[in-house]
Amino acid sequence: MNFAIVGCGHIAKKHAEAIEKIEGANLIAVCDKVPQAMEEYVQRYGAKPYENLIDMLNDPAIDVVNICTPSGLHTSIAVAAAKAKKHVIVEKPIALTLEDADLMINTCKENGVKLAVVHPNRFRPVVQELRKLMDEGRFGKLSHANATVRWNRNQAYYDQAPWRGTKALDGGVLMNQAIHNLDLLIWLMGDVEEVYSMSATRLRNIEAEDVSTGVVRFKNGALGVVEAATTIYPKNLEESLSIFGETGTAIIGGTTATQFNHLAIESLNDEETNAIIERVKANPLGKPGHQCIIEDMILAIQEDREPIVNGEDGKRALQLVLAFYESAEKKQRVVIDENNLISIGG
């Protein structure tokens, strides 16, 4: 299966490396407005360079387009790719507005192509183990959850490109860093019903937020607490996700949430619990998440099914971020109703 990458910045390297590892997958084209950005992909992978997107999309040999551009450009590229009958893999967030996310989802459906969103943390061994325990009902009735991202993105990071930290093309810590953690929160706990949030731009000279805190109520009645920041001195400190239930407690932690810091399940004895913890320790990173996403897209096309992380999944994570933004701006509770529309509550 033949792939093309649009946007040859930092994240594109992960896509190219993942494609290279997959048998039968080939990177045959790249597209970027800056010719020099494409040189590495031309030399290492033999990809054909394009400065014009439409010219690239006219190549009938391309099966899948991987979108690795700034977030604000995702929609126009995805729509063009779908209309050219190319399947689409888009980096997180799927888009920056719900309207754009719906446009991407609907255009892909109308043109009979698949849409996958890159939320690779779902494939981490520790997350897979936790999801299995939850699917088995090991936690009983859920009480609450906690999602924390305490990372460092210094001013030099934002100064790398003029679009970084802008509301139009990038977003802040919630949209750009913590959205992965929020995706896991929804995937494990279920849909969110209401949100109350506060955010600030405290230390970085950017348009969007560099720190955010908030609370959520899930539709199942459980509560949640979210803390996200890129202001942590002097480097990334932790990414954690904690789940608390009637008969189980789990805390995933580490710098990038790759290990069990705590696991206690009523229905598991010490030996069984330790076996799970040691299994994760033996292979904390597992297969790269980007590789998992791309391999799944190939299977989704071959089996004519939805990708594991599809457009609707990407929209749910985006929606939660936007609910946080709306609450922080209006200083009010925000309700997400049954039609997935954000509204202000009393």
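The values are calculated or read from the model by the stated rules, or taken from the named source; none is laboratory data. In this text, all values refer to a predicted model and were calculated from it rather than measured experimentally. Glycine also receives a Cβ, built like all others from the backbone with ideal geometry; neighbour counts cover every protein chain displayed. Quick note on the areas: whole protein, heavy atoms, side chains included, nothing else; ligands and nucleic acids left out. Shrake-Rupley method; radii C 1.70, N 1.55, O 1.52, S 1.80 Å.
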Quick one: which residues, 5 or more positions from ILE62 or on another chain, have an amide H under 5 Å from its amide H? H modelled 1.01 Å from N in the peptide plane, none for Pro or chain starts. none
For LYS141, counting only aspartates and glutamates whose alpha-carbon sits under 18 Å away and dropping same-chain residues fewer than eight positions off, the answer is ASP191, GLU193, GLU246, GLU266
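Based on the Cβ-Cβ distance from ALA161 to ILE54, what FRET efficiency comes out when R0 is 22 Å, to the nearest 0.05?
Working: r = 24 Å, r/R0 = 1.09.
It comes out at approximately 0.35.
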Angle between the Cα long axis of helix 179-189 and the longest principal axis of the chain, 0 to 90 degrees, nearest 10? 50 degrees
Note down the magnitude of the dipole of segment 50-114 about its Cα centre, charges +1 on Lys and Arg C-beta and -1 on Asp and Glu C-beta and zero elsewhere, to the nearest 20 debye. 200 debye
Compute the distance in nm between two label points, each set 7 Å from the Cα along the Cα-to-Cβ direction, one at GLU193 and one at LEU237. 3.2 nm
To make sure I understand the rule: partners must be aspartates and glutamates, Cα under 12 Å from the Cα of LYS92, and not fewer than 8 residues away in the same chain. Which ones qualify? ASP170, ASP183, ASP313
Top mean-square fluctuation among GLN128, GLN43, GLN177, Gaussian network model of the chain, C-alpha springs under 10 Å? GLN43
Would you compute, from DSSP H runs of 4+ residues alone, the mean residue ellipticity of the chain at 222 nm, taking -39500 (n - 2.57) per run and dividing by the full residue count, rounded to the nearest 500? -11000 deg cm²/dmol
By accessible area of protein heavy atoms, probe 1.4 Å, what ranking do THR201, THR75 get, highest first? THR201, THR75
Hey, any idea what % of segment 100-188's accessible area is carbon plus sulfur with a 1.4 Å probe? 47 percent
Given the pairs LYS48/LYS85; LYS13/LYS48; LYS86/LYS167, which span a C-alpha to C-alpha distance of over 21 angstrom in this model? LYS86/LYS167
HN-Hα J couplings of segment 93-100 from phi, Karplus 6.51/-1.76/1.60, θ = phi - 60°, integer Hz, Gly and Pro as x? x, 3, 6, 10, 9, 5, 4, 5
Which of ALA250, ALA16, ALA282 moves the most in a Gaussian network model of the chain with Cα springs under 10 Å? ALA282
Return the sequence-ordered ³J(HN,Hα) values of segment 143-160 in whole Hz as given by the Karplus equation 6.51 cos²θ - 1.76 cosθ + 1.60 applied to θ = phi - 60°, using x for Gly and Pro. 8, 6, 9, 9, 10, 10, 10, 10, 10, 10, 10, 6, 4, 4, 4, 6, 7, 4
Rough spin-label spacing in nm, given labels placed 7 Å along Cα→Cβ, for LYS21 and VAL225: 3.5 nm
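Would you mind telling me the antiparallel percentage of the DSSP bridges in the chain, rounded to 5?
On the way: 41 of 68 bridges.
Expressed as a percentage, antiparallel bridges in the chain total about 60.
With a Förster radius of 41 Å, plug the Cβ-Cβ distance of GLU246 and ALA61 into 1/(1 + (r/R0)^6) and report the FRET value to the nearest 0.05. If you can, show how the numbers build up before the last one.
Details: r = 54 Å, r/R0 = 1.33.
It comes to 0.15.
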Which angle between 0 and 90 degrees, to the nearest 10, do you get for helix 270-282 versus the longest principal axis of the chain when only C-alpha atoms count? 30 degrees
Among PHE139, VAL6, SER76, whose Cα lies farthest out toward the positive end of the dipole of segment 1-148, if unit charges sit on the beta carbon of Lys, Arg (+1) and Asp, Glu (-1)? PHE139
Between LYS48 and residues 5 or more places away or on another chain, which pairs have amide H atoms under 5 Å apart, with H built 1.01 Å from N, and which residues are they? ALA29, VAL30
Table column - 3J(HN,Hα) (Hz), segment 326-338, Karplus curve with 6.51, -1.76, 1.60, x for Gly and Pro: 4, 5, 5, 6, 8, 6, 9, 5, 10, 9, 9, 7, 5
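Which is the longest run of the chain containing none of the GluC sites (Glu not before Pro) found in DSSP loop states (not H, G, I, E, B) with at most 16 other C-beta atoms within 10 Å? Could you put the intermediate results ahead of the total?
Details: sites that count: GLU23, GLU51, GLU136, GLU207, GLU246, GLU266, GLU338.
Value returned for the longest uninterrupted segment is 52-135.
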Calculate how steeply helix 289-303 sits against the longest principal axis of the alpha-carbon atoms of the chain, using the helix alpha-carbon long axis, and give the answer as 0 to 90 degrees to the nearest 10. 70 degrees
